Amino acid sequence: MSDRTEINSNLNATEINSDIRQSTVVNQDIAVTSYLLSAGSIIAGKYEVIEPLSVSTGEADLYICKYSDKEYVAKIYRRQRAVKPEVLTALKSIDSPYIASLYDMGEYNSFPFVILPYYKNGSLQGRKFTLEELKRTIIPCINEGLRVLHQNDIIHKDLKPSNIMLQDDNKSIAIIDFGISSVVEKGNTVLVTKTGMTPEYSAPETFRNLFLEESDYYSFGITVYELFCGYTPYKNMNAEEIAQYTAVQRIPFPKDMPQELQDFISAVTYFDITNRNKKENPNRRWTYSEVLNWCKGKEQVIPGESADIAADNRIPVYTFLGKRYKDIPSLITALASNWNDGKKQLYRGLLSAFFKNFNPEIAGYCMDAEEEATRTKGKDDIIFWNLLYKIYPELNGFYWKEQIYESLPALGRDMLERLWKNDQSNFDYWNSILENNLLTGYVTIVNSNSEGLTAAVSALETAHVVGKNSNRNTMINYYTMAYLLSGQQILNMGEKQLESVAELVAYMKELFQASYGEFEGFCHKMIDRDDMLDVQLEAWLIALGKRKELESWRKQLSQ
């Protein structure tokens with residue numbers, strides 16, 4: 001690429017154990033198949049297997065193979081749908097020294113395979129580097145590699161030392177292993193998905209199935225931590241403990257780590273991503289440009305230590321769950337992220353007592369909330385919610401009870417995913433959002449200029465209250481809420497996804513021409529014997545602006 005950073009340095013890495021490779025936790029229900037190929041086996045008619053590779057992987061068998069006197073690695077997956085076709089297509093088009101080349105791909109005995117470079121020096125797993133080595137070579141190379149991936153709409157989702165290979169020149173690196181990677185749609189920067197990941201390297205938002213470019217940079221920071229220390233900061237914690245800790249806490253650093261490196265890791269692992277799209281706001285996780293500036297020695301504000309925050313929202317130290325907070329944004333985010341513990345701080349009078357000494361206005365808000373909770377039993381959650389956004393209206397993330405979403409669109413996308421899978425585990429949660437008019441409240445605070453959205457969510461909340469005794473109406477409201485918030489207009493028919501009425505009509509014509517039985521079965525799914533539309537279909541048509549047409553159709557039926 002013409003805009004890539006040139007790397008020119010030598011690495012003197014201290015090898016600990018280069019054959020150890022950490023496994024990725026992959027959540028799969030499909031049985032896997034594994035068998036070893038013998039030397040001399042031919043893959044794709046030209047790659048001759050020399051020997052199995054001694055590096056272990058839970059998803060595939062690896063072989064050193066040869067073609068035209070050059071050595072490669074053949075990776076044969078153990079599951080038939082082990083890697084996304086769109087990821088392979090995107091990787092095939094990438095030509096970068098920082099990303100492992102994809103020379104060939106196909107199927108071997110009905111299982112997918114890819115042909116990759118053979119890196120004889122192994123991965124960075126088990127190696128340690130000095131600050132100088134990291135800053136001069138490792139960090140710039142990884143940064144350029146992530147930039148290439150993100151420019152091609154790929155989120156790696158599993159960056160760690162074992163997925164970073166030391167190239168043959170012993171100077172630079174290449175990123176490998178895209179088994180759980182995903183391609184985001186053009187114009188979209190957020191991916192909501194359930195997928196495998198390695199918890200020790202995973203960003204806080206990924207524990208909520210939310211993956212961003214920033215998520216790869218969080219993993220980048222933990223990787224750099226390990227390459228300096230020889231271990232991760234979460235080595236003795238389980239996945240649940242890591243998820244709770246990373247949601248509000250900063251990385252704990254050893255005393256011998258240079259402050260410059262601590263600043264870098266703090267910046268790329270900053271937990272709050274609510275300001276990710278506000279480039280002028282320094283309180284957001286670092287990505288490509290900021291890392292490039294750091295490598296060049298340019299002075300930058302470390303997220304969470306902004307001079308603006310210090311001037312406008314500085315507070316005396318407040319200790320919460322063992323963490324010290326010095327500003328209102330980080331304190332309110334921590335209280336919202338740890339919902340039940342946050343409520344205890346309010347209803348035990350700790351917040352009002354704290355703010356009383358220096359901010360009588362906020363102290364008054366807290367005391368009013370305490371008093372209201374004593375008058376109206378069972379409203380402690382909504383009172384706490386209102387207080388959080390009253391103290392800090394810039395809290396852009398949607399926080400309610402123990403669930404956190406980056407935004408309303410993220411909530412909507414999660415709803416669609418659950419509804420399509422018939423996952424009813426969040427029904428009570430959605431019901432509480434609608435019954436407490438949280439959407440209207442949130443939009444009024446965060447999107448005060450969006451009158452259309454305010455009216456739409458207000459109408460939805462009213463419809464939910466009116467139709468709450470009907471299971472069908474409730475489901476339509478859930479689907480309508482999901483479509484409204486997500487901005488998506490997809491009718492999910494299992495393997496078929498439709499985005500317009502024209503596509504629906506064309507699909508029905510295909511079914512009719514192929515088999516009248518299939519066509520009739522589809523119609524019965526969409527319209528029952530009482531002439532009631534499928535709830536997803538009705539909500540989808542409403543989302544497409546066809547409400548008047550629906551009302552007209554029903555009127556004709558009644559006549």
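The values are calculated or read from the model by the stated rules, or taken from the named source; none is laboratory data. What you are looking at is a predicted structure, and each value in this text was computed from that prediction instead of being measured. When we count neighbours, we look across all protein chains shown, and the Cβ atoms used for this are built from the backbone with ideal geometry, even at glycine. The accessibility values were calculated without ligands, DNA or RNA, using every heavy atom of the protein model including side chains. Shrake-Rupley method; radii C 1.70, N 1.55, O 1.52, S 1.80 Å.
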Net charge within 14 Å of ILE43 by Cβ-Cβ distance, Lys/Arg positive one each and Asp/Glu negative one each, not counting ILE43 itself?
-3
With unit charges on the beta carbon (Lys/Arg positive, Asp/Glu negative), name the residue among TYR201, VAL73, CYS141 whose Cα is farthest towards the positive pole of the charge dipole of the chain.
TYR201
Pop the C-beta distance of LYS509 and GLU280 into the FRET formula with R0 = 60 Å and round what comes out to the nearest 0.05.
0.70
When the accessible area of the chain is split by element with a 1.4 Å probe, what percent falls to carbon and sulfur?
46 percent
Return the sequence-ordered ³J(HN,Hα) values of segment 255-269 in whole Hz as given by the Karplus equation 6.51 cos²θ - 1.76 cosθ + 1.60 applied to θ = phi - 60°, using x for Gly and Pro.
5, 8, 7, x, 4, 4, 6, 4, 4, 4, 5, 4, 6, 7, 10
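So if the hydrodynamic radius of the chain is defined as the Kirkwood radius over C-alpha pairs, what does Stokes-Einstein give as its diffusion coefficient at 4 °C and 1.567 mPa s, in µm² per second? Show your work: numbers first, answer last.
Values: Rh = 26.5 Å.
Using the Kirkwood radius from Cα pairs, D works out to 49 µm²/s.
Suppose every Lys and Arg Cβ carries +1 and every Asp and Glu Cβ carries -1, with no other charges. What dipole size does the chain come out with about its Cα centre, to the nearest 20 debye?
500 debye
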Which listed pairs, of LYS46/LYS75; LYS323/LYS344; LYS421/LYS525; LYS66/LYS128; LYS326/LYS390, have C-alpha distances above 21 Å, in listed order
LYS66/LYS128
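If we sort 314-327, 338-351, 118-131 on the protection proxy, mean other Cβ atoms within 10 Å, highest first, what's the order?
118-131, 338-351, 314-327
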Segment ASN492-ASP95, length gained on full extension (0.36 nm per residue, minus Cα span)
139.4 nm
Using unit Cβ charges (K, R positive; D, E negative) and no other charged atoms, how large, in debye to the nearest 20, is the dipole of segment 46-181 about its Cα centre?
320 debye
What does segment 439-559 give for Rg and for Dmax, in Å, if only its C-alpha atoms count?
16.4, 53
Where Rh is the Kirkwood radius over the Cα pairs of segment 252-389, the temperature 10 °C and the viscosity 1.306 mPa s, what D in µm²/s does Stokes-Einstein return?
94 µm²/s
Quick check on segment 506-559: what does the Kirkwood estimate of hydrodynamic radius come out to from the alpha carbon pairs, in Å?
12.3 Å
Which order do the peptides 80-86, 518-524 come out in when sorted by mean C-beta neighbours inside 10 angstrom, highest first?
80-86, 518-524
Placing +1 on each Lys and Arg Cβ and -1 on each Asp and Glu Cβ in the chain, then taking the dipole about the Cα centre, the residue among ASN109, GLY412, ALA174 whose Cα reaches farthest towards the positive end is GLY412
For the pair ASP256/LYS298, report the inter-label distance in nm, with labels modelled 7 Å from Cα in the Cβ direction.
3.4 nm
Considering only the other residues whose Cβ falls under 14 Å of the Cβ of TYR103, what net charge follows from Lys and Arg at +1 and Asp and Glu at -1?
+2
In sequence order, calculated HN-Hα J values of segment 215-223 (Karplus, 6.51, -1.76, 1.60; Hz; x Gly/Pro)
5, 5, 6, 4, 4, 4, x, 5, 4
Please calculate how many Å² of accessible area the chain carries per residue, with a 1.4 Å probe and no DNA, RNA or ligand atoms counted.
48 Å²
Where the only charges are on Cβ atoms (+1 Lys, Arg; -1 Asp, Glu), what is the dipole of segment 484-556 about its Cα centre, to the nearest 20 debye?
280 debye
Using alpha carbon centroids, what distance separates segment 408-475 and segment 59-124, in Å?
44 Å
From the residues LEU504, LEU491, ALA463, which one has its Cα farthest along the dipole of segment 448-507 in the positive direction, the dipole being from +1 and -1 charges on Cβ of Lys/Arg and Asp/Glu about the Cα centre?
ALA463
Compute the FRET efficiency between TYR516 and GLU86 as 1/(1 + (r/R0)^6), taking r as their Cβ-Cβ distance and R0 = 51 Å, and round to the nearest 0.05.
0.90
Given 159-167, 286-294, 372-380, 87-95, the highest-first ranking by average Cβ count within 10 Å works out to 159-167, 286-294, 87-95, 372-380
Calculate, in nm to one decimal, what GLU71 and GLU372 gain on full extension: separation in residues at 0.36 nm each, minus their alpha carbon distance.
101.1 nm
By what distance, in whole Å, do the Cα atoms of segment 63-124 stretch along each of the three principal axes, largest value first?
30, 26, 23
Once a ≥ b ≥ c are taken as the square roots of the eigenvalues of the Cα gyration tensor of segment 480-536, is the result rounded (a/c under 1.5), prolate (a/b larger than b/c) or oblate (a/b not larger than b/c)?
oblate
Spin-label model distance (nm) - LEU53 vs TRP420, 7 Å beyond Cα toward Cβ
3.2 nm
Return the long-range amide H neighbours of ILE99 (sequence gap of 5 or more, or a different chain), with a cut-off of under 5 Å between placed amide H atoms.
ILE175
Per DSSP helix of 4 or more residues, -39500 (n - 2.57); summed, then divided by the residues of the chain. What does that give at 222 nm, rounded to the nearest 500?
-12500 deg cm²/dmol
